[in-house]
C-alpha cells in the first residue's frame, strides 16, 4: 500500500471508526424510558431486581450491538456486490438472499414449526437456511454455463429468483391466518429488538469469517471493477476472487437478515455515500462502509425507538424514509 | 336494496291476485292486503340463506336461533360444532365471490372494510350486513343489530341481556380486589421475546381484561394493539403476563415458552411466577362466548375469587 493510500485509509478509519464508536456508546443511553445510569451500572445491586440495569443490558445493549453488526454487514456486503456485479444499483438483497431468507421465515411462521437448535429459535434458523438455499441455486445457475461466474447470469438469476421467491411468499401468506400475517409483515420490515445476546452470538462467527474474506477482497475488487479480462491480465485469479466475493457477501447478508430481518437501504446508500466521501478505492471504501453502516443503523434505531414513545417505529421504516429520498437525490445528482 | 325491490315486486303480485278473489269488498281487500304485506314483509326480512364471513357473527347467529339459516361460513369458523359441515367461502382477504353467488344467499355478513365485496354483492342484488370490529359493548350492539336484521329481535335482546348479566356477574365477583397491572399478549415469536403484540387501551381484549378485574399496562396507548419492545415491557413492570393463544401447546413447549420470559427477570410477573397461557378461542372471538372468555381471564387474575 503506497503512503498516500495508507494515510487516506487511516484518516477514513479514524473518522468513521470514531463515528461508529460514538453511536455504539451513546445509543444505549437513549430510549423510550429514562433510566438511572448509575443504578444501571451499579454491580452491588442484584441484577434480577435492577430494572435500570435490565433495560440497559437486556433491552438496549443487545439491540445496539445487533444494529452495529447488521449495519456493518449489510453495508460491506453492498460494496462487495456492487463491485462483483459492476453495478451501482446492486444491493445485498439483489441476488435473492433476502427473498430466500424471507421464504424460510414465512414458512416457519405459517406452519408454526418451532423446533429449536442449540437454543436458537426457529425463525432465524429457517431464514438462514432459506438464504443458503437461494445462494446455492443462484451459484449453480451462474456457474453452469461458463465454468467461471458470469456476472450477467448471476444478476439475471438473482433477480428472477427474487421474483420467484416473492411469489412463493405470497402463496404461503395466502394460507396464513391474521395473526401470522401480521407477524410476517412485521418480520419483513426488519427489527433489531433481539432482547438477548443469543442471536448476535450465533451470527458473529459467520460475520467474522465474512469480514475476514472482505479484508482480502479489497484489492481484487479494485481490479475486478476494470472488468474480468483486464483483472485477469493484472495477475489475480478472477474465478477465485468472484467466488470469494459472492459467498462472503452472501453469508454476511444471510447472517444479518437472520438477526434482524431484511432491513432495507443500508446496503445501497451507505456504499454510495462513502464513495462520495472517500473515492472509489475498495481498500478504503470497504472498511469505511462497514463502520459507517454500523453507525447509521444504530442511529436509525435510536430514532425508531425515541420518535413516538412508548410506541416504536420499525427501524426498517426509518432507514427507508431516510434512505429513499437520499438515494434519489444521489441518482439525480449523478445523472 | 335488492331485498326491497324484490319485496315490492312480490307484494304487488300477491296484491293483484287478492283483487281477483276478494274483489267485491274494497275494505276487506285493503285490510287483507295490508295484513298480507306485513306478513310477507316479516317473512322476507327473515333471511333463509345466510352466509357469514365473520366467526363472531356466525356464533351470534347461532346464539339467536338463526343458525338453521346459515348456509356457509368463513374459512376460520370453528364454532358452534354445526359449522364444521358447512361450506367455506373464504374470509376477510380472500372472499370467494363465485361460491358466495352460487349459494344464492339472501344475506351475507361481511366486514365493513370489504367494500369491493359489498359493491359486488349489491350489484348481484344480495343484501349485506356490515360488521365492524369494536369493544365489548359493541358485541351487545352487534347482536341486537343483527337480531333486528334477521327478524329475531327478541332472541337477540335476550342473548344480549344474558351476556350483559354474565359480564356483570364477573365484575361483581372480582370487585374490590386489587387490579393487577397486566400485559395481555396475543402474539410473539416462538421461544423469543421478539415481535410481542399486546393489547393497547382500546378494543374488546382490553375491555375483557378490565371486566375480569385487571388493569392494562398499556391503558394509556389508545389503540387495539401495541408492538411492545422489550424495553417497554421492562419499564412498565406488569404484575401479570397473560398470553392468549387460539391453539394449545404441548406441556414441555408450554413450559419452554413460559421460561422465555425469565430473560426479563426484573418484571414483577416473572418474579412472582404470574405468567399464564390461555389457549382458548373463547378469549379471542368477540362473539356471544365473551362471558366465558372473560371468566377465563378473571380466573387467571383472581383465582381466589373463584374458589
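Roughly what would the spin-label model give for residue A:41 and residue B:94, points 7 Å off Cα along C-beta, in nm?
The two pseudo-label positions are separated by 5.4 nm.
What distance in nm separates the simple spin-label points at residue B:306 and residue A:11, each placed 7 Å from Cα in the Cβ direction?
7.2 nm
Take the alpha carbon gyration tensor of chain B, find the square roots of its eigenvalues, order them as a ≥ b ≥ c, and report rounded if a/c is under 1.5; if not, report prolate when a/b exceeds b/c, else oblate.
Note, shape of chain B comes out prolate.
Each label point is 7 Å from the Cα along the Cα-to-Cβ direction; what then is the distance between the points at residue A:22 and residue B:130, in nm?
Here the answer is 5.4 nm between the modelled labels.
Counting only C-alpha contacts under 8 Å and six or more residues apart, can you give the relative contact order of chain A as a whole percent?
Across chain A, relative contact order equals 30 percent.
In degrees from 0 to 90, rounded to the nearest 10, what is the angle of the helix A:266-278 Cα long axis to the longest principal axis of chain A?
Taking the Cα atoms of chain A, the angle to A:266-278 is about 70 degrees.
Given R₀ = 60 Å, what would the calculated FRET efficiency be for residue A:328 paired with residue B:292, taking r from the Cβ atoms and rounding to 0.05?
0.65
What's the extension gain from residue B:247 to residue B:148 if we count 0.36 nm per residue and subtract their Cα-Cα distance?
Answer, rounded to one decimal: 32.3 nm.
Using Cα pairs closer than 8 Å and at least 6 residues apart in sequence, work out the relative contact order for segment B:177-306, in percent.
27 percent.
Given contacts defined as C-alpha pairs under 8 Å and at least six residues apart, what's the relative contact order of chain B, whole-number percent?
15 percent
Please give the average number of partner chain Cβ atoms lying within 10 Å of the Cβ of each residue in A:48-58, rounded to a whole number.
5
Report the FRET efficiency, 1/(1 + (r/R0)^6), for residue A:303 and residue B:222, where r is their Cβ-Cβ distance and R0 is 22 Å, rounded to 0.05.
Given R0 = 22 Å and the Cβ-Cβ separation, E is 0.40.
Taking chain A as a Gaussian network, Cα atoms linked when under 10 Å apart, which of A:191, A:180, A:36 shows the biggest mean-square fluctuation?
A:36
Work out, step by step, the length gained on full extension between residue A:61 and residue A:201: first 0.36 nm times the residue separation, then minus their alpha carbon distance; give nm to one decimal. Kindly include the intermediate steps, with their values, before the conclusion.
Numbers: separation 140, 0.36 × 140 = 50.40 nm, distance 1.33 nm.
Full extension from residue A:61 to residue A:201 adds 49.1 nm.
Using the scaling law 2.2 N^0.38 Å as the reference, what is the normalised Cα Rg of the protein assembly as shown?
Taking N as the residue count of the protein assembly as shown, the ratio is 1.20.
Kindly express, to the nearest 10 degrees and within the range 0 to 90, the angle between helix B:153-174's C-alpha long axis and the longest C-alpha principal axis of chain B.
The answer is roughly 10 degrees.
What 222 nm value per residue comes from the helices of chain A, counting each DSSP H run with n ≥ 4 as -39,500 (n - 2.57) and dividing by all residues, nearest 500 deg cm²/dmol? Intermediate values should be presented prior to the final figure.
Values: 14 runs with 245 residues, N = 335.
About -24500 deg cm²/dmol.
Once both axes come from the Cα atoms, what is the angle between helix B:290-301 and the longest principal axis of chain B, in degrees from 0 to 90, rounded to 10?
Value to nearest ten degrees: 10.
How big is Rg to Rh over segment A:3-334, alpha-carbon atoms, Rh as the Kirkwood inverse-mean-distance radius?
Checking Rg against Rh, the ratio lands at 0.98.
Among B:208-221, A:294-307, B:169-182, A:270-283, how do they line up by average Cβ neighbours within 10 Å per residue, starting with the highest?
In descending order of packing, they fall as A:294-307, B:208-221, A:270-283, B:169-182.
For segment B:177-306, rounded, prolate or oblate, judged on the Cα gyration tensor with a ≥ b ≥ c (square roots of eigenvalues), a/c < 1.5 rounded, else prolate if a/b > b/c?
It comes out rounded by the Cα gyration axes.
Using a Förster distance of 41 Å, how high is the FRET efficiency between residue B:112 and residue A:29, based on the Cβ-Cβ distance and rounded to 0.05?
0.35
Bear in mind these aren't lab numbers, they're just calculated from the coordinates by the rules spelled out. These figures come from a predicted structure and were not determined experimentally. Ideal geometry is used to build each Cβ from the backbone, glycine not excepted, and the neighbour counts take in all protein chains shown.
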